[in-house]
Every structure is written in structure tokens, then in C-alpha cells.
1. Scanning the chain for chymotrypsin sites (Phe, Trp or Tyr not before Pro) in DSSP loops with at most 10 other Cβ atoms within 10 Å, what's the longest stretch left with none?
2. Considering the dipole of the chain built from charges on the beta carbon (Lys and Arg +1, Asp and Glu -1) around the Cα centre, which of V22, P362, A224 is farthest to its positive end?
3. Compute, for the stretch 21-138, the length of the dipole vector about the Cα centre, with Cβ point charges of +1 (Lys, Arg) and -1 (Asp, Glu) only. Units Debye, rounded to 20.
4. What does the charge dipole of the chain about its Cα centre add up to, to the nearest 20 debye, if the Cβ of each Lys and Arg holds +1 and the Cβ of each Asp and Glu holds -1?
5. Explain nothing, just the number: relative contact order of the chain, from Cα pairs under 8 Å at least 6 residues apart, as a whole percent.
6. Tally Lys and Arg at +1 and Asp and Glu at -1 over the other residues with C-beta under 14 Å from the C-beta of L137: what net charge comes out?
7. Taking amide H positions as placed 1.01 Å from N in the peptide plane, with prolines and chain starts having none, which residues 5 or more places from V387, or on another chain, fall under 5 Å of its amide H?
8. For the charge dipole of the stretch 346-486, defined by +1 on Lys and Arg C-beta atoms and -1 on Asp and Glu C-beta atoms about the Cα centroid, which residue among H405, A353, L430 has the Cα displaced farthest towards the positive pole?
Amino acid sequence: MVGAGLGWRQPMNVDEERFLGVALEMLQNGSWFIPHRAGEIYADKPPLFMWAVALFVQLTHWPTVALYLPALLAGAVTTACLYDLGRRLWGRRVGVIAALLFLATYQSYSILRTGQIDGFLALWTVLGIYGLCRHLLLGPAWHWYYLACAAMGFGIISKGVGFLPALMLIPYAYAVRKGWKGVVPMPGKAAAWWLGLLVALAAIAVWLGPLLVIVWHGSADSLAYIQEILFKQTAGRYASAWEHREPFWYFFAQVIPKYWLPIFLWLPWLVPAWRKQLLKHDGRVLVLLGWVVLVLLFFSLSSGKRKLYIFPAVPALVLLVAPLIPWLLRRWFSRRPRGRTVFAVLTVLWLGAWCARGFIEPHKEGINPHETIMGEVARLTGNADLVLVSWREGHWLFARQPIVHFGFHGNQSLEQSALWLRSHPQAHALVPARNLARCYDPQKARRVGETSRAEWFLVGADADNQQCQPSAPDKVYTFAWRHPLP
């Protein structure tokens with residue numbers, strides 16, 4: 001279901017274009033510890049996901065397939081872990097239900113089919129959950145605890161929130177203190193617990209150790225990178241987000257009702273059942289439910305929110321719901337035998353619809369408009385340098401010729417493009433329509449295509465209206481793919 005249509009899909013949003021481009025640029029320039037985007041340092045995310053994509057590119061020689069393989073791997077591992085945990089905690093039947101319910105949850109489908117970090121992060125999250133559950137609920141099993149700590153370390157260098165499984169220790173500590181059943185007390189093991197932190201730090205050091213050496217011997221740019229990635233893009237972004245700002249209740253009102261289907265529809269029966277289990281001091285339910293609540297609270301407290309942020313909570317939620325499914329079926333259908341048949345048919349149709357959608361979507365989406373635009377630009381200009389203005393990642397990923405830019409977030413890129421064309425009259429510039437007339441004569445511009453954000457025009461030095469007289473740019477970045485995407 002997750003892999004349906006693999007090979008037909010191509011990068012269609014800015015995240016997928018960005019991460020595939022960064023991975024391909026790593027392979028081209030060999031800068032593995034400091035990622036780049038069109039020659040400029042890319043400091044928004046740690047590099048582990050891009051490493052994984054680059055590895056699959058090397059193995060498959062098919063970039064548009066390699067982009068989706070990390071999430072496909074994560075989906076397979078998550079499904080297997082949920083089956084095994086359900087089997088060990090409640091029985092084989094519950095394990096099967098947990099695996100199927102995870103695949104049937106809409107957010108699983110929507111995240112794991114994309115070429116984004118959150119799908120790959122699910123791999124480390126579920127390994128953290130699995131290892132901690134084997135230790136806290138089925139242990140003691142210190143080797144599983146250390147595996148969970150290592151997974152959290154690798155999760156952190158995939159995305160800063162990779163530490164989230166550690167929050168499971170909070171409800172576990174409460175359950176042990178209050179003597180709840182279903183949890184394993186481990187008194188007098190402080191050194192063994194703290195060793196887990198060292199294991200997590202060792203995993204983080206796989207990237208951070210070489211990075212610090214590079215920064216120590218490197219340039220001011222590498223120092224700026226480490227300051228950006230370790231502070232602004234983690235704690236700073238959480239405390240005061242500058243994009244995707246949403247109210248506290250965003251996940252509860254706009255995400256969960258849709259993306260946690262079908263589980264959301266069952267909450268009127270699930271919530272009272274969980275309450276009864278908690279009144280019976282079931283530590284398994286407390287640890288898992290407590291962790292889901294803490295994850296929701298953690299992301300709700302940040303001003304920046306996206307629907308995919310709460311996906312890490314889904315595996316634990318599935319483990320909470322799966323043991324109650326047989327009870328729900330008996331409650332709903334004990335006097336309506338045909339109801340079970342209807343439920344089974346609806347389940348097959350639900351899963352089948354997602355599988356079919358995987359083949360339909362690529363045909364419905366068509367060709368990435370950036371690929372079309374860059375192909376047309378290459379046809380019109382040959383191999384001439386192309387200056388990018390207010391560009392998106394798709395322009396860089398699908399570029400067929402050398403490109404020039406003044407920083408992805410450059411505020412004066414339009415004015416500086418005019419200055420560049422004056423000294424490089426053989427070059428051209430790709431400019432969005434909304435800014436065109438400020439520096440160029442629209443009558444001398446050629447329309448080359450449209451994306452969801454803008455209409456794009458190609459201009460040469462002859463289109464310069466001489467109205468823009470900027471100072472020389474602080475930095476000029478040049479980049480060219482050795483092997484452009486076909």
C-alpha cells in the first residue's frame with residue numbers, strides 16, 4: 001500500500017525537491033556533513049535523511065525512486081514492530097490488528113508515501129518505542145533500552161524531535177512509583193540508565209563529531225552553519241516559529257479529526273474504555289497513553305505547527321486501540337451478524353482504495369511544472385548561464401544548465417540579476433511575473449511557464465530597463481549538475 005506506484009512518482013512539492021536535490025548535491029560535491037543547496041549551505045535540517053536518500057541513489061541509480069525508499073523502509077519496520085509488540089503485550093490477534101490498523105490510519109498513508117524527513121523519522125521513533133516497551137513493560141531488557149537510545153540519537157540527527165520516545169519515561173516513572181501493574185521496576189540501576197544517554201550521544205556524534213572538527217578547521221560559513229542548525233533551527237524555531245504559525249488547538253480541531261481516521265471515529269467508545277483500564281492501574285495503558293498525550297502537548301505548545309508533526313504519536317496510539325478492537329466488534333455486532341461482514345468489506349475497500357490511489361495519483365499530478373519550465377528554458381538558451389530570481393527548489397533540481405543566484409533568501413535578487421546581466425550579456429535570468437517590470441521591459445520577456453506560486457519569464461540583457469542600480473552582491477553562488485535529472 002505504501003509502495004503502490006513507486007517508480008511512477010516524482011518529486012512534486014518543495015520538501016521533496018529540496019531533499020532530493022541536497023542528497024544529489026552531496027553525491028556530487030562530497031560535502032556530507034555540511035549540506036548544500038545550489039552551492040549555498042543548507043542549514044534547516046540535519047543530514048541523516050539526505051544520507052539515506054543518497055545511499056539509495058547509489059544502490060538504485062534511480063533518484064526519483066530512491067527518494068521514497070527511506071519512508072517505505074520505515075513503514076515496513078514500523079508495521080513489524082507494532083505486530084511484535086501487540087503480540088507480546090496482548091496476544092497474536094492484537095498484533096495483527098495493530099499492524100493492519102497502522103496501515104489503515106490515514107496519516108500513515110499520507111506521510112509514508114512522501115519523500116520527506118517525517119517518514120524516515122518514523123523509523124527511529126518506532127525503534128525507540130519498541131526498545132523502551134521491551135524494557136519498561138516486558139523487561140528488564142537493557143540491550144533493547146540501549147537500542148532505543150541509539151535510535152533516538154539517530155532520530156535527532158534526522159530531525160531535532162527524534163528524542164520524543166524518551167518522554168515515555170515520565171508516565172513509566174509515575175506507574176512504578178504508584179505500584180501499577182504491567183510495568184517493570186528496576187531500582188538501583190542509575191548507572192545503567194545514564195549509560196543510555198551516552199549511547200544516544202554516541203549516535204549523534206556520528207554526524208556532530210566530524211562536523212565540529214570541520215568547523216574547528218573551517219571557515220566562517222561552517223561556524224554560521226553550526227550556529228543555525230543547533231540553535232535557530234531547533235530551540236529557536238520551537239520557541240518562536242517564523243512560519244506555519246497556528247493556535248494551540250490546531251492539532252485537535254484540524255488535524256486529528258481527518259488524519260487519525262478511522263481511529264477518531266471510535267473515540268466515543270475508546271475514551272471510556274481507556275478510563276476503565278486506568279482505574280484498574282494498567283501500566284501498559286498509562287505508559288502508552290501518557291506518551292501520546294505528552295507528544296500532543298509538546299507540539300501544541302510550539303507556535304509553529306504542521307499536520308505531519310504529530311505522526312510520531314500514531315504507533316503508540318495504534319497499540320492502545322488494537323486490544324480494544326475485538327471488544328468493539330462484539331459490542332457493535334453481537335446482535336447483528338451481518339455487521340461483521342459489512343465491517344470486513346469496508347476494511348478491505350478502505351485499504352484497497354489507498355493502494356489504488358497510489359497508482360492514480362502520479363497520473364493525476366502529471367509532470368512537475370518546474371521540470372517543464374527548466375526544459376523550456378534550456379531549449380531557448382542552450383547552455384548559457386541562468387540567473388535565478390526568487391527561485392524555488394524545483395528550478396535548481398531540474399536545471400539543465402549552469403545557474404547563478406545570490407542566496408535562496410536573497411532580498412535583492414531581482415536588482416542583482418540586472419547587474420549580473422550587464423556584465424554577462426550572454427546570460428539570461430528567470431524572473432517571476434510579479435517583479436518583472438521593476439527591472440525589465442515586459443515586452444522583451446518570454447513566458448516559459450507557470451507553477452502554483454508564480455508565472456515565470458525569461459529575460460536577457462536587452463530587456464534591462466536601467467531602473468535598478470544595486471550595489472554589488474555580498475555573495476554570488478554558481479552551480480551546475482554534472483548529470484541533470486532526465
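1. Longest stretch, sites excluded: 1-241.
2. Selected residue: P362.
3. Details: 8 positive and 5 negative charges, 127 e Å.
Around 620 debye, computed over the stretch 21-138.
4. Details: 46 positive and 26 negative charges, 614 e Å.
For this selection, approximately 2940 debye.
5. Values: 748 pairs, mean separation 78.5, N = 486.
Computed value for the chain: 16 percent relative contact order.
6. Numbers: positive: R87, R88, R134, K181, R284; negative: D84, D282.
Net charge in that neighbourhood comes out at +3.
7. Long-range HN contacts for V387: V404, H428, A429, L430.
8. A353
Taken together, the values in this text are just the output of simple stated rules run on the coordinates, not laboratory data. All figures in this text were calculated on a predicted structure; none of them were measured in a lab. Note: ideal-geometry Cβ built from the backbone for every residue, glycine included; neighbour counts use all protein chains shown.
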